[in-house]
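Here, each number is a calculation from the coordinates, and none is a lab measurement. This is a predicted model, so every value here is computed, not measured. Cβ: placed from backbone, ideal geometry, glycine included. Neighbour counts: every protein chain shown.
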């Protein structure tokens with residue numbers, strides 16, 4: 001996906017705090033995660049890179065806000081995004 005498509009999805013959804021996103025990839029299994037904005041968000045976004053906390057670590061991230069729990073993914077590998085309904 002292109003930068004504009006991912007950004008539009010994130011803005012349009014206005015995700016609630018801690019709300020998961022289903023992320024489908026071209027060559028990787030589907031992940032559930034949380035897009036996070038850190039100090040380097042603008043720089044990463046300009047390169048179509050996104051910092052995402054994957055599902056098993058979300059609860060820990062929400063309590064600690066430790067950005068080391070996140071991984072960086074290339075937006076061009078993402079094929080589809082969807083909001084996970086609780």
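Overview of results
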{"item": "Taking the chain and dividing mean pair separation by its residue count, relative contact order in percent (alpha carbons under 8 Å, at least six apart)", "result": "40"}
{"item": "Residue-averaged 222 nm ellipticity for the chain, from DSSP H runs of 4+ at -39500 (n - 2.57), nearest 500", "result": "-7500 deg cm²/dmol"}
{"item": "Candidates 14, 22, 37, ranked by Gaussian network fluctuation over the chain, Cα under 10 Å, top entry", "result": "14"}
{"item": "Reported label for calculated Kirkwood radius over Cα pairs in Å given (1) 13.8; (2) 13.0; (3) 12.6", "result": "(2)"}
{"item": "Nearest-0.05 FRET efficiency for residue 4 and residue 55, computed from C-beta distance (R0 22 Å)", "result": "0.25"}
{"item": "Backbone N under 20 Å from the residue 62 label point (7 Å along Cα→Cβ), restricted to the stretch 24-40", "result": "31-38"}
{"item": "Choice from 71, 28, 51 with maximal GNM fluctuation in the chain (Cα, 10 Å cutoff)", "result": "28"}
{"item": "Ordering of 38-46, 73-81 by packing [mean C-beta count within 10 Å, highest first]", "result": "73-81, 38-46"}
